[in-house]
Amino acid sequence: MTERKAQLIVDGKPESVELPVYESSLGPDVVDVRGLISSGYFTYDPGFMSTAACDSDITFINGSEGVLLYRGYPIEQLAEHSSYLETCYLLLHGELPDAGEKLEFENNIRYHTMVDQQIHQFFNGFPRTSHPMSMLVSVVGALSAFYHHTLDISDPEHRMLVARRIIAKMPTLAAMCYKHGVGQPFMYPRNSLGFAENFLHMMFGTPCEEKEVSPVLARAMDLIFLLHADHEQNASTSTVRLAGSTGANPFSCIAAGIAALWGPAHGGANEAVLDMLDEIGSESRIDEFIARAKDPNDPYRLMGFGHRVYKNFDPRATVMREVCNEVLEEVGEAADNTLFRIARRLERIALEDDYFIQRKLYPNVDFYSGIILKALGIPTSMFTVIFATGRTPGWMAHWNEMVSGPYRIGRPRQLYRGPAKRDYPAARITAKAS
Ligand code: CMC
């Protein structure tokens, strides 16, 4: 194949910089700007709107067509035919497991769900009113203290063990964050239960009473985890990669990813959706909030609408919408759930209103997942914790992909606009000396 080149001409000067162009298997090709520095230029791309920071085989998104593929498989097909744990295996290993591999993986996860008893002590230090994400970011970071000296990140087997450990322990830690907040005893994981069912058992069971989990709700929980499992180079994944590029302990890298996920523009959006629906409160107030969202002088935004990448529809939202109906039917709230009615009307307006159509602001995955989680009885403050639990295999797959290849420390450049070099004022030196 002929080598493709892009040319950069600055200020119309005849000498141009030649930059190699690489072909993607799907999606836009990339211009390799690494050599640009020798010509005295950096590229400038705040928000990474046009910058690929790595090459990756894991996930592909075509935002304008509403396509999301994990290792080539469409998310809709995985949602229909696969399970969260099978999808975790796919993300980590690149292929779907055969029957033996699947069983081995599931058992392995099952037997890594407990956390060291010392972890309980960390929770004692948190006020009961702590936001669950503040506890999660801390206790996941704390896991690095338990698995550091024996870990060799250059060993692929060690890396897979870390991945399995963290995937298995996330639901346990997530449920502990909830239990601490409500002042109930922590529930130990139960090895007889499936992944999602076990999570709901640790959330809602107590030592006094077991929690029977309906298969519809367990499946919905599993789907929420699956649909969040990866999303290519989003803010939290890029954070995990950046932290990992220094050779840091992977549990700390995941803690960094959790911190990045917390913000309302990223993982905090499903929580923000519920806060918004609560604030709206009744169908009669919808127009007022829509008007605020459209007012260029008001920073107010409708939470759960719009996406940096999906500028058509979010395929995860399509699956979630169906699950949302099933769950509401199961919990018997479909008929008279004000919140759900407000949500449905907002959805309709956004799909019909010119402001939203022109800006391609469609309901995103958080819009529906928030409502499902609410129907499952999960408090709003736990929503992002659940997102983090689901996203863990994606973070680990990206960390593993980076660490297993040649990689450099991530070190962005800047467009400096501060003062030029200047001397410390002589008058201040004199004043100090006297
Ligand atoms: N409500 C009202 N207007 C909006 C919204 C919204 N939710 N989102 C974007 N806009 C407007 C924005 O004001 C701008 O209008 P104009 O062109 O007149 O200035 C235009 O749409 C483009 O917005 P942008 O900020 O340039 O778009 P972005 O791609 O940088 O931002 C976003 C994407 C997701 C941060 C943004 O749409 C948003 O804040 N949405 C609400 C929060 C949310 O639901 N976040 C979850 C994203 S999905 C979870 C994940 O995958 O991490």
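List of remarks:
- Candidates Pro171, Pro189 - the one that is assigned to a loop (DSSP other than H, G, I, E, B), in contact with a Ser or Thr (Cβ under 7 Å, 6 or more places away or on another chain) and within 27 Å of Leu226 (Cβ to Cβ): Pro189
- Meets criteria (among the hydroxyl-bearing types (Ser, Thr, Tyr), in contact with a helix residue (DSSP H, G or I) (Cβ under 7 Å, 6 or more places away or on another chain) and surrounded by 15 or more Cβ atoms within 10 Å (Cβ to Cβ)) for Tyr355: no
- Among residues of the stretch 247-274 that are crowded, with 21+ Cβ neighbours inside 10 Å, those with a beta-carbon under 7 Å from a residue that is acidic (Asp, Glu) at least six positions away or on a different chain give the pairs Ala269/Asp366; Asn270/Asp366; Val273/Asp366.
- For the stretch 395-432, a tally of residues being assigned to a helix (DSSP H, G or I) and touching a Leu at 6+ places or on another chain (Cβ under 6 Å) returns 1.
- Every residue from the stretch 292-325 that is within 12 Å of the ligand (Cβ to nearest atom), surrounded by fewer than 18 Cβ atoms within 10 Å (Cβ to Cβ) and in a loop (DSSP other than H, G, I, E, B): Asp295, Pro296, Asn297, Asp298, Pro299, Tyr300, Arg301, Arg308, Val309, Lys311
- So Val319, is it farther than 14 Å from Val273 by Cβ, out of contact with any Lys or Arg (no Cβ under 8 Å at 6 or more places or on another chain) and modelled with pLDDT of 90 or more: yes
- Those residues of the stretch 258-288 which are touching a His at 6+ places or on another chain (Cβ under 9 Å) and in a helix (DSSP H, G or I), in sequence order: Ala260
- Number of positions in the stretch 152-168 that are surrounded by fewer than 17 Cβ atoms within 10 Å (Cβ to Cβ) and either touching a helix residue (DSSP H, G or I) at 6+ places or on another chain (Cβ under 8 Å) or assigned to a helix (DSSP H, G or I) (or both): 7
- Some residue of the stretch 207-225 being under 27 Å from Ala269 (Cα atoms) and in contact with a Lys or Arg (Cβ under 6 Å, 6 or more places away or on another chain): no
- Complete set of residues in the stretch 213-248 that are away from the ligand (no atom under 16 Å from the Cβ), under 21 Å from Leu91 (Cβ atoms) and of a type in the set (S, T, N, Q): Ser245
- Among the residues making up the stretch 333-387, none is of a type in the set (Lys, Arg), without any contact (Cβ under 8 Å) to a residue 24 or more places away in the chain and within 11 Å of the ligand (Cβ to nearest atom).
The values are calculated or read from the model by the stated rules, or taken from the named source; none is laboratory data. Keep in mind it's a predicted model, so treat the numbers as computed, not measured. Here the Cβ is made from the backbone with ideal geometry for all residues, glycine too, and neighbour counts use every protein chain on show.
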